[in-house]
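Peer 1: Take a look at this one; I'll ask things after.
The values are calculated or read from the model by the stated rules, or taken from the named source; none is laboratory data. The shown structure was predicted, so the numbers you read here are calculated from the model rather than taken from an experiment. Heads up, the Cβs are rebuilt from the backbone with ideal geometry, glycines too, and the neighbour counts pull from every protein chain shown.
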Amino acid sequence: MDSKITNIYMQMLMENSPKEEQAVEYTIDKIKELLDGMDLDQADFSQMKKLYNRIQTFDGYRPIKDTLTKKGYNTKVLKKYSGEIQALIEDLPEQDKKDFFEFLKSGSTAKFPVEQQQGNIYTILTDVPGVSQGIAQQIMSHTGQDEAKRGVGMGELALALLFSNIEAAGGLKGKAISAAKEEKGDYSASTMRAGTKNYDKEKHEAYLKGKRDLDAAKKMAVKGDLELNGKEFEIKGENAALGARSDAAFSGHAAKAVEYLSEKLGITINGNTYEIDNAEPIQGLSQFPTALATAYKQSQANNDGDNFKIAFKGYLKNFGGFEKDGNPDELLNSRIYNSIDLNNPRSIQRGIAVLNLFRYIQKEGFYYFMAHDIGTSDPGTGEYVFASGDPEKIASEIYNNKKVKFEKVSYNGLRPRIGFGAKMVEDNEIVEKIYA
């Protein structure tokens, strides 16, 4: 039964070329014939309801696809994304879907509020006429892959669909290419050589500049998941990695790291335990901040605290991936790094975590950043935090926000995930603000 319903639905999702448009009436008749000929059990309410919802939701395919087209999504993924959004909302109340489709047809006038540093995404979305709580929750849960098989994170498509000032990533690159082509014009360098009758110095120089700009525009990297107000916008859901994960960054360095800890920082790893002279063993590799604070206090007692600080910075540089994936001098001389109190495990945890965020922002180069609590295994409540500006400013604002948490760091886990949930660490309660 389910496969028959799916077959009907897939027939209905087929795009019609001008030639195929002439056969629409025939296609509808065939669908009616198929429905009439199906062995449907009238007593099976759930089957009938599923079929009804799928046919009813078909009306939303065009407005969803048209909206995604206007937002700049690649033509290769328009049908896929449109079908995925339809599937997510097909079992919602009929009126919710009708209102949503009308909202898309009319075009959103709602703008994402860049002046808010935190809030609830569902509250914002349901303040938009035509978007119910159910619609907001379902489309925020969308994940997928783009035309290049890169992951599309939770919430990205929803924000582009619902806010007028958010578009697909790549718009800046497209505009740069278009501007360069316009400046370059239709003139060729060969017909504008000095001394020929067609030569026009001003046009020739514009052509050459446009050609250089076009080559540069084609090489532009697409930054961020989306574009907000014409600038790059990165979004992270619950438990999201910030670039390459710890295991990838640490691969091949374990033996050197263990040796470095022992020789430079006075921390010996024995199985799942950190051992420091004249101190109780510290159980659990996720207690790395406590081990560091304990070892630092020991170094101070031995009048060697300054060398410990130098060695700690070296450990982050060599085994946190800062050397090859970031600007280590900028990172390790930032106010975020300088805020770390090596006597305080909470400060160490927060400092390492946000330094990793800083590294990621610096490498990716986006202007806006948002983290929310909606994840694949946890529907979340819709809470989010938002920051904008240069990399250090964004990282500093996230550092100061008590809603944001991070995965526990360890000697081999210096790239913690970001999140809001219980398994993350709320570690900044006694850390003073570092950016006003």
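Peer 1: All but one of (1) modelled with pLDDT of 85 or more; (2) surrounded by fewer than 14 Cβ atoms within 10 Å (Cβ to Cβ); (3) not aromatic (Phe, Trp, Tyr) hold for Gln145; state the number of the condition that does not hold.
Peer 2: With (1) modelled with pLDDT of 85 or more; (2) surrounded by fewer than 14 Cβ atoms within 10 Å (Cβ to Cβ); (3) not aromatic (Phe, Trp, Tyr) applied to Gln145, the lone miss is (1).
Peer 1: Can you tell me which residue in region 93-131 is surrounded by the most Cβ atoms within 10 Å (Cβ to Cβ), limited to those that are over 24 Å from the mean Cα position of the chain (by Cα) and of a type in the set (Gly, Ala, Ser)? Please lay out each step first, then the result.
Peer 2: At the first step, the residues of region 93-131 found to be over 24 Å from the mean Cα position of the chain (by Cα) are 93-103, 105-107, 129-130.
Going one step further and asking which of them are of a type in the set (Gly, Ala, Ser), we end up with 106-107, 130.
On the way: Ser106: 11, Gly107: 11, Gly130: 18.
For region 93-131, the residue satisfying everything is Gly130.
Peer 1: Between Thr191, Thr196, which is of a type in the set (S, T, N, Q), in a helix (DSSP H, G or I), at pLDDT below 80 and over 30 Å from Ile85 (Cα atoms)?
Peer 2: Exactly one residue qualifies, and that residue is Thr191.
Peer 1: Anything in region 250-280 that is surrounded by 13 or more Cβ atoms within 10 Å (Cβ to Cβ) and assigned to a loop (DSSP other than H, G, I, E, B)? List them, or say none.
Peer 2: If the condition is that a residue be surrounded by 13 or more Cβ atoms within 10 Å (Cβ to Cβ) and assigned to a loop (DSSP other than H, G, I, E, B), then His253, Gly266, Ile267, Ile276, Ala279 are the ones that fit.
Peer 1: So, in region 53-85, exactly how many residues are aromatic (Phe, Trp, Tyr) and under 22 Å from Gly230 (Cα atoms)?
Peer 2: Adding up the residues that qualify gives 1.
Peer 1: Hey, among Ile352, Ile340, Ile374, which residue is free of Cβ contacts under 8 Å to residues at least 24 places away in the same chain and either assigned to a loop (DSSP other than H, G, I, E, B) or buried (at least 21 other Cβ atoms within 10 Å of the Cβ) (or both)?
Peer 2: Just one listed residue meets the conditions, Ile340.
Peer 1: Given the criteria more than 30 Å from Asn239 (Cβ to Cβ) and modelled with pLDDT under 95, does Ala279 qualify?
Peer 2: On the way: more than 30 Å from Asn239 (Cβ to Cβ): yes; modelled with pLDDT under 95: yes.
Yes, satisfied.
So that you can scan it fast, the table gives a plain yes or no per residue for (1) of a type outside the set (Gly, Ala, Ser); (2) not assigned by TED's automatic domain parsing to the domain that holds Met370:
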{"position": "Asp200", "(1), (2)": "yes, yes"}
{"position": "His204", "(1), (2)": "yes, yes"}
{"position": "Gly210", "(1), (2)": "no, yes"}
{"position": "Gly230", "(1), (2)": "no, yes"}
{"position": "Phe233", "(1), (2)": "yes, yes"}
{"position": "Lys236", "(1), (2)": "yes, yes"}
{"position": "Phe250", "(1), (2)": "yes, no"}
{"position": "Ala255", "(1), (2)": "no, no"}
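Peer 1: So, one more: Of the residues Gln47, Gln42, Gln56, only one is among the polar types (S, T, N, Q), surrounded by 14 or more Cβ atoms within 10 Å (Cβ to Cβ) and at pLDDT below 85; which? Can you show your working first?
Peer 2: On the way: Gln42 fails: surrounded by 14 or more Cβ atoms within 10 Å (Cβ to Cβ); Gln56 fails: surrounded by 14 or more Cβ atoms within 10 Å (Cβ to Cβ).
None of the others qualify; the one that does is Gln47.
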